[in-house]
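Scroll down for the structure; my scribbles are underneath it.
The values are calculated or read from the model by the stated rules, or taken from the named source; none is laboratory data. Just so you know, these numbers come straight off a predicted model, no measurement behind them. When we count neighbours, we look across all protein chains shown, and the Cβ atoms used for this are built from the backbone with ideal geometry, even at glycine. To get the accessible areas, we keep the full protein, side chains included, count just its heavy atoms, and leave off ligands, DNA and RNA. Shrake-Rupley method; radii C 1.70, N 1.55, O 1.52, S 1.80 Å.
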Amino acid sequence: GYVYEEDLLYDHFPGDFKWGCATAAYQIEGAWDEDGKGVSIWDNFVRIPGNIIDGTTGDVACDSYHKYKEDVQLMANMGLKSYRFSIAWTRILPNGIGERNQAGIDYYKNLIAELKANNIEPAVTLYHWDLPQALEDMGGWLNDSVADWFEEYARVCFEEFGDEVKLWITLNEPHETTIQGYGTGTMAPGKHGLGTLVYIASTNLIRAHAYAYRAYHADFANQNGQVGITLNVGWAEPMDPTNETHIEAAETNIQFNLGWFAHAIYKNGKYPDVMRQKIDEKSYLQGLPESRLPQFTEEDSLIIEGAHDFLGINFYSSNLVYPEISDIEDISYYADQDLAAPQSEDWYGSGSSWLKVTPFGIRRILNWAAKEYGDVDIYITENGFSDRQGNIDDLQRIYYYKHYLNQMLKAIVLDGVSVKGYYAWSLMDNMEWAMGYTEKFGMHAVNMSSPDRERTPKESSKWYGRLIAENGYVESVSPCF
Ligand SMILES: O=S(=O)(O)CCCN1CCN(CCO[C@@H]2O[C@H](CO)[C@@H](O)[C@H](O)[C@H]2O)CC1
């Protein structure tokens with residue numbers, strides 16, 4: 001079972017631990033059509049009535065495109081060591097491939113220079129869901145040429161920014177892109193193919209990552225940077241940890257979540273055995289001419305296997321898992337798993353329906369990943385808590401961070417997992433995708449009703465600053481919450 005552990009280890013983190021915050025281009029920048037930027041699938045998705053719960057858009061968002069110097073000051077005030085942000089593909093290549101947009105390149109060069117001037121290391125995500133519409137018009141992640149298009153874009157970024165950027169994340173949460181963008185249609189590009197399109201998209205996303213990784217190590221190795229991928233996963237706890245079938249279902253759930261994208265890259269160039277077996281079998285029983293889960297070519301498998309310098313994990317929450325045979329008529333990624341994954345009523349909630357407070361999960365997923373993928377360097381590239389009120393006195397967020405970080409520290413100190421850094425999601429309240437501005441994840445509030453988008457530090461930003469200053473041990477935080 002799971003028990004909130006009272007003992008706060010709270011010892012010092014390893015000396016060179018990378019304390020950071022994370023954001024994403026579409027969620028904070030605004031300036032959606034300024035300075036030669038091309039149109040992305042999100043610029044279009046937000047204009048379709050009903051797609052965004054509060055009818056808002058990222059047209060202006062936090063206006064970080066114009067306020068980036070102020071943002072960097074917020075980071076410096078916290079003593080941040082590193083900042084994870086994403087580059088908008090359409091600012092660099094407005095049409096996805098072909099001609100470059102110098103104004104867009106200059107924006108990111110200025111941001112990076114501002115970070116370096118404040119001794120903050122840039123950690124750059126190449127793709128955080130904002131695909132150029134011009135590429136979507138050619139099939140987007142369903143067109144197998146997308147791996148080449150992405151490689152071309154990655155090469156431009158390595159060339160333009162690689163002298164200053166040493167930590168590259170190719171894709172952010174391809175699982176989310178796939179499930180919500182090509183499965184349920186709840187995110188851009190809003191396609192519906194939960195048992196079909198999702199597996200075509202995932203195959204091309206994995207290929208795209210690997211092509212970019214190989215390009216870096218072939219032609220930019222002299223920059224001495226590292227290239228990895230960021231994958232999101234919820235911890236899967238067996239509903240009954242003494243029941244073998246529950247334990248097996250939990251393992252299946254993690255393989256369908258994290259393994260879906262990690263297995264080919266960090267193990268053997270192929271999809272996890274349980275995905276191959278279940279989806280092939282169900283496809284046959286569903287009378288399909290071939291499996292809904294594509295095979296990588298031999299050539300691609302060799303390119304994909306080992307294409308990593310680290311593993312980025314976005315971790316938020318957990319599920320309780322038990323087996324449940326699905327209806328063979330139900331063609332979907334969820335039905336393919338033959339399980340149910342509810343969340344406990346006992347767990348504290350948040351401002352997001354899917355985010356329950358489960359600190360034990362971060363220690364377990366870190367141990368699972370280290371055991372499954374070997375001693376690879378791991379970064380927690382996102383972890384955070386939402387509320388709807390946007391309290392400046394955000395005690396719940398401090399509680400969340402205190403306990404998740406304590407469990408992560410146990411994974412490092414007691415379990416020997418090599419976690420190298422941690423990026424809190426997020427620096428500031430921003431556009432939470434289809435939830436608009438109703439769910440707030442920031443350590444800083446943003447006044448969305450003012451054209452100046454004033455930022456206000458929340459208590460959690462001060463708490464995080466003390467944590468960083470003490471490198472983990474915070475005298476002044478009472479152990480009671
Ligand atoms: O079947 S449900 O729909 O109930 C379960 C869905 C679970 N997912 C987990 C990942 N989350 C996105 C995480 O998304 C990440 O975390 C941040 C906060 O959301 C985002 O703002 C970041 O852009 C993103 O990288 C969306 C919901």
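Can you tell me which residues in region 449-463 are at pLDDT 95 or above and surrounded by 19 or more Cβ atoms within 10 Å (Cβ to Cβ)? Those that are at pLDDT 95 or above and surrounded by 19 or more Cβ atoms within 10 Å (Cβ to Cβ): R453, R455, K458, S460, S461. Being polar (S, T, N, Q), within 12 Å of the ligand (Cβ to nearest atom) and assigned to a loop (DSSP other than H, G, I, E, B) is the requirement here; does T177 meet it? Here the answer is no, as T177 does not meet what is asked. Screening the candidates A117, A103, A134, A147 for the property of being of a type in the set (G, A, S) and open to solvent by less than 30 Å² (accessible area, probe 1.4 Å) yields one hit, A147.
The residues listed here are N447, N391, N471; of these, the one that is at positive phi and not charged (D, E, K, R) is N471. Inside region 359-396, residues that are under 22 Å from T23 (Cα atoms), surrounded by fewer than 18 Cβ atoms within 10 Å (Cβ to Cβ) and of a type in the set (S, T, N, Q) make up a count of 2.
Quick one: would you say G185 is surrounded by fewer than 20 Cβ atoms within 10 Å (Cβ to Cβ) and within 16 Å of the ligand (Cβ to nearest atom)? Reasoning before the result, please.
Details: surrounded by fewer than 20 Cβ atoms within 10 Å (Cβ to Cβ): yes; within 16 Å of the ligand (Cβ to nearest atom): yes.
Against the criterion (surrounded by fewer than 20 Cβ atoms within 10 Å (Cβ to Cβ) and within 16 Å of the ligand (Cβ to nearest atom)), G185 qualifies.
Scoring W433 on the criteria (1) at positive phi; (2) more than 16 Å from the ligand (Cβ to nearest atom); (3) among the hydrophobic types (A, V, I, L, M, F, W, C) leaves a single failure, condition (2). Go through region 164-174 and give me each residue that's more than 14 Å from the ligand (Cβ to nearest atom) and either in a helix (DSSP H, G or I) or surrounded by fewer than 24 Cβ atoms within 10 Å (Cβ to Cβ) (or both). Those that are more than 14 Å from the ligand (Cβ to nearest atom) and either in a helix (DSSP H, G or I) or surrounded by fewer than 24 Cβ atoms within 10 Å (Cβ to Cβ) (or both): E164, V165, K166.
Of the numbered criteria (1) under 25 Å from I200 (Cβ atoms); (2) crowded, with 16+ Cβ neighbours inside 10 Å, the one V60 fails is (1). Of all positions in region 397-420, none carries a residue that is at pLDDT 95 or above, among the small types (G, A, S), surrounded by fewer than 20 Cβ atoms within 10 Å (Cβ to Cβ) and closer than 30 Å to P189 by Cβ. Being touching a helix residue (DSSP H, G or I) at 6+ places or on another chain (Cβ under 6 Å) and closer than 30 Å to S353 by Cα holds for only one residue in P272, P241, and it is P272.
Residues in region 305-351 that are under 16 Å from G195 (Cα atoms), of a type in the set (G, A, S) and assigned to a loop (DSSP other than H, G, I, E, B): S326, S332. Considering region 386-395, and only residues there that are touching a helix residue (DSSP H, G or I) at 6+ places or on another chain (Cβ under 9 Å) and without any contact (Cβ under 8 Å) to a residue 60 or more places away in the chain, the residue that is farthest from the ligand (Cβ to nearest atom) turns out to be D387.
Only residues that are under 21 Å from the mean Cα position of the chain (by Cα) and more than 30 Å from R388 (Cβ to Cβ) were counted across region 320-351, and they come to 0. Condition first: at pLDDT 95 or above and under 19 Å from K458 (Cα atoms). Can you find one or more residues in region 34-51 that meet it? No, region 34-51 has no match at all. When G269 is tested against (1) open to solvent by 10 Å² or more (accessible area, probe 1.4 Å); (2) on the phi > 0 side of the Ramachandran plot, only condition (1) is not met.
Within region 108-124, identify whether any single residue is closer than 19 Å to I169 by Cα, in contact (Cβ under 8 Å) with a residue 60 or more places away in the chain and either over 20 Å from the mean Cα position of the chain (by Cα) or part of a loop (DSSP other than H, G, I, E, B) (or both), and answer yes or no. No, the conditions are met nowhere in region 108-124. Selection of region 352-383 for residues being in a helix (DSSP H, G or I), under 25 Å from T125 (Cα atoms) and either more than 16 Å from the ligand (Cβ to nearest atom) or more than 19 Å from the chain's Cα centre (by Cα) (or both) yields R363, L366, N367, W368, A369, A370, E372, Y373.
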